[in-house]
Structure formats: structure tokens, C-alpha cells
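Single-structure report; data block below.
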Amino acid sequence: MAAPGENLRIDGQRLWDSLMDMAKIGPGVAGGNNRQTLTDADAEGRALFQSWCEAAGCTMGLDQMGNMFAQRAGTDPDALPVYVGSHLDTQPTGGKYDGVLGVLGGLEILRTLNDLDVKTKHPIVVTNFTNEEGTRFAPAMLSSGVFAGIHTQDWAYAKTDAEGKTFGDELARIGWRGDEEVGARKMHAFFELHIEQGPILEAEGKDIGVVTHGQGLSWTQVTVTGKDAHTGSTPMPMRKNAGLGMARILEKVDEIAWSHAPHAVGAAGHIDVYPNSRNVIPGRVVFTVDFRSPDLSVIEDMEAQLKVEAQKICDDMGLEVAFEKVGGFDPVAFDEGCVTAVRNAAERLGYSHMELISGAGHDACWVNRVAPTAMVMCPCVDGLSHNEAEEITKDWAAAGADVLLHAVVETAEIVG
Ligand code: HGY
Ligand code: MN
Ligand code: MN
């Protein structure tokens, strides 16, 4: 396949301007974003993205999970499209670039190819996957998971948020439920550009991460039940303090992750305390333990240790404990051909690069099950993400999109 010339580059300012315009939708309180999935802000961001795609001459598609597809025609309509994309939904205290860079970086590719009137044999499709974050509706990567046949659509539709609203109802309410069958689209390849969300690229002084693998993830929801009681008049020996039980379990979660240093990680980001009243001993707590590792056997060991240790703690304290697996996926090895296209692109363009294992989960981790897939990563300042202070530089964004452009165009085959 003819490789594109090294002078084929995206318009970095236009990409940056689009990122800043999208960031105005669903603003956070500290400079980032709160554009959670299936909210009115998500709907507004979708509409803006669609208007840009239509202005770029794309044909729009929408499936029954709200996944959006913007297609640029290829010279061979029978050739399977090359897909690029990520997600526009954010964490409640999210940054401006997590997911968004991959969607708008994909759009920037189409805009650049239009500017230069470059034709490709395979069509190119930019994708916005619904609910990658899994914050409002667990698990993460919900819609790419349905697309890849991991979850059923009915199971996904029944997922509820903290207010008991279902995914299916909220998708219909915001008016972004399409008719396309989810997963009916077949891909020649899929590429996702994403910020690293960790400190490695910046620390190593590299512009580009050539992502060879994604670490696996396990989400175990733990419910500890004790007894609501007065914080003042209940003698210490009589207490069944579910909050204290949780605290001791979370200490163990940290120890378990450290026991598999340096690659394993563990924490709980979601914690609900009931009745959450200042003068009531918590009778029930529900929290989600997030374990990750590039090694599946390590994840399985951490899950097993959690159950043994939590049961011991609760038995000692006279508490009940229950466990529910609410999310997870095995470690991922991306497609060698696609990874090579990313590496060749970085080399051709003269960007410093290194191989990387993704610490975070991404839609690419599920799409990899149904199509040859790879990821391109750019650094982020201090490795910070899932924080409103998430920051990247315009140059990092442009370098990532340039590499994405070359990997996609090489795979989509330039014509003429
Ligand atoms: O949880 C993750 O790794 C992703 O950011 N949703
Ligand atoms: Mn993301
Ligand atoms: Mn994220």
C-alpha cells in the first residue's frame, strides 16, 4: 500500500479550536467538563459534532445504542470502511480531551482529506461511542461492548443511574436512539486516538504512544451491611458500623494492589454510604473496587483476595458482605498490522514515540474483539486525567492526529 507523504498533516489550529468549542458544552466548575452520557449536555455535544460532520460532507448513521457514525465515501463503495473514533461523554469532573480528542481528531482527518481532495479506496467513518465512561450507567465502554457482542442491548437498556433512570429511557429522551442494528457495521480496521491519562509519555519526553496492549479491568461492587444506630448513645461494643468495615476493606484493597507491584493498581472511586447522616452509624455501604493489571492471573488473584479478606473483616465485625461483578474485561493485545501502521506513521512523521500498555480502558478494547484495532496516544500534563485540570498541548494534539491520519490513510489506501 502506498504510504502517504510525510508532508500530509492535519490543521492543528482547527483541531484545537474544535476541541475548545466542544469544551464549552457541559462545562465543569473548574475548567473541565461535566458532559455525562445521555444528559442534555451530551445531546448538545452530539448535535454540534453532527453539524460539523455534515459540513464536512459526511453521511450520518446512528444505531440503537446511540453510537454515531460519520462516513466519508471511498472510491470503492464495497470496501469495508476504516473506522476511527472514541467518545464524547465525560466524567462528572472530567477533562476537555478524554475521548473528545479521538472523536474530533477523527473529524480533523476528514476535514484534511477534503482540503487536499485526497481519495481513499476504503470509506472512512468517524465514530462517537455512547457511554464510554460508565459513570452514570455502569459498566464502562457499555455501547462499544454491545457493538462487539459482549453485552446484549436489553441488558444495556436496563442499566440504571443513581436516580433509577434507565439507559434505554434516557437515550430515547434525548432523542439519540437510532434505528441501525448495533454491531451490524463491519470494519476493515479501527483506530482510536486518546490521551495517555498517565505520566509515562511526558516523563519519557515522547510525543506518541504506540499502544500494543490494554491492561485488563475488574469492577466488583461490594455491599457491607451493619445496623443504623445513634452515633452518640450507642456504646462502642454494640456497634455494627458498615462504614468502618468498608474502611478496613479499602485498606486491604490497597495492600492487595501493592502485593502485585509494579503493574497492578486498585482503588474504589464509587462509594455510597446509607443513610449518610452525620449522627447515624452507617448501616449499609455500597462501593465499587476497581482492580487493573496487564496480567489476567493477577486480576483474578486480586479479586479472590478481596473476597477472602473482606469476608474475614466482616465476620470479625458482625457485618454482612455481598459481592457483585459489575464490569470488567481481559487484558487486550492490539492488532499487529494496525500497530505497525501507527509505528510507521510516527517514524515517517518524525515524532518521538514508544510502545505503551494502556492503563485506562477504551472503546478500542472491545472493538478489538471484532476488527483489527490499534490506538495512538499523546501525553497529558502530569499524567492527570479524570480531573477537570486535565491538560494537553496543541502540539501533542496535532502530533497524535497526524499519526492517526497517516495510519488511517495507509490502511484505507490512497487512490490516485
Ligand atoms: O475506566 C476507564 O479506564 C475509562 O476511562 N472509562
Ligand atoms: Mn476515555
Ligand atoms: Mn475516561
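The values are calculated or read from the model by the stated rules, or taken from the named source; none is laboratory data. Note that the structure is predicted; figures quoted are calculated from it, not measured. Note that we place each Cβ from the backbone using ideal geometry, even for glycine, and neighbour counts take in every protein chain shown. The protein model used for the area step is the full one, side chains on, heavy atoms only, and it has no ligands, DNA or RNA in it. Shrake-Rupley method; radii C 1.70, N 1.55, O 1.52, S 1.80 Å.
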Among (1) in contact with a strand residue (DSSP E or B) (Cβ under 8 Å, 6 or more places away or on another chain); (2) away from ligand 3 (no atom under 16 Å from the Cβ); (3) part of a helix (DSSP H, G or I); (4) hydrophobic (A, V, I, L, M, F, W, C), where does VAL103 come up short? (2)
Go through the range 361-387 residue by residue and tally those that are farther than 23 Å from ALA345 by Cα and within 15 Å of ligand 1 (Cβ to nearest atom). 7
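Residue-by-condition table, conditions (1) under 23 Å from THR135 (Cβ atoms); (2) in contact (Cβ under 8 Å) with a residue 12 or more places away in the chain; (3) open to solvent by 10 Å² or more (accessible area, probe 1.4 Å); (4) in contact with a helix residue (DSSP H, G or I) (Cβ under 9 Å, 6 or more places away or on another chain):
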residue	(1), (2), (3), (4)
GLU204	no, yes, yes, no
THR234	no, yes, yes, no
PRO237	no, no, yes, no
GLY283	no, yes, no, yes
Hey, could you check the range 119-133 for residues that are of a type outside the set (Asp, Glu), open to solvent by less than 20 Å² (accessible area, probe 1.4 Å) and assigned to a loop (DSSP other than H, G, I, E, B) and say which is farthest from SER86 (Cα to Cα)? HIS122
Go through the range 248-272 residue by residue and tally those that are farther than 19 Å from VAL285 by Cα and of a type in the set (A, V, I, L, M). 5
Which one is farthest from ligand 1 (Cβ to nearest atom) among residues in the range 178-200 that are over 22 Å from GLN50 (Cβ atoms) and within 20 Å of the chain's Cα centre (by Cα)? ALA189
Filter the range 151-177 for residues that are open to solvent by less than 60 Å² (accessible area, probe 1.4 Å) and in contact (Cβ under 8 Å) with a residue 60 or more places away in the chain; which is farthest from ligand 1 (Cβ to nearest atom)? GLY175
Could you check MET68 against (1) within 24 Å of ALA172 (Cα to Cα); (2) within 16 Å of ligand 1 (Cβ to nearest atom) and say which number it fails? (2)
Answer yes or no as to whether TRP219 is in a loop (DSSP other than H, G, I, E, B), buried (at least 20 other Cβ atoms within 10 Å of the Cβ), touching a strand residue (DSSP E or B) at 6+ places or on another chain (Cβ under 9 Å) and modelled with pLDDT of 95 or more. no
Is there a residue being acidic (Asp, Glu) and part of a helix (DSSP H, G or I) anywhere in the range 57-66? no
Any residue in the range 178-197 that is open to solvent by 50 Å² or more (accessible area, probe 1.4 Å) sitting within a Cβ distance under 7 Å of a residue that is among the charged types (D, E, K, R)? List the pairs, counting only those 6 or more apart or interchain. GLU180/ASP63; GLU181/ASP63
Restricting attention to the range 75-121, the residues that are within 13 Å of ligand 2 (Cβ to nearest atom), under 18 Å from SER51 (Cβ atoms) and among the small types (Gly, Ala, Ser) number exactly 2
Mind counting the residues in the range 44-60 that are open to solvent by less than 20 Å² (accessible area, probe 1.4 Å) and within 21 Å of the chain's Cα centre (by Cα)? 3
Check ARG136 against each of (1) over 26 Å from VAL29 (Cβ atoms); (2) touching a residue at least 12 places away in the same chain (Cβ under 8 Å); (3) open to solvent by 10 Å² or more (accessible area, probe 1.4 Å) and name the one condition it does not meet. (1)
Being within 16 Å of ligand 3 (Cβ to nearest atom), in contact with a Ser or Thr (Cβ under 8 Å, 6 or more places away or on another chain) and part of a strand (DSSP E or B), is that true of even one residue in the range 16-36? yes
Of the residues that make up the range 227-241, is at least one closer than 20 Å to GLU324 by Cβ, touching a strand residue (DSSP E or B) at 6+ places or on another chain (Cβ under 7 Å) and modelled with pLDDT of 95 or more? no
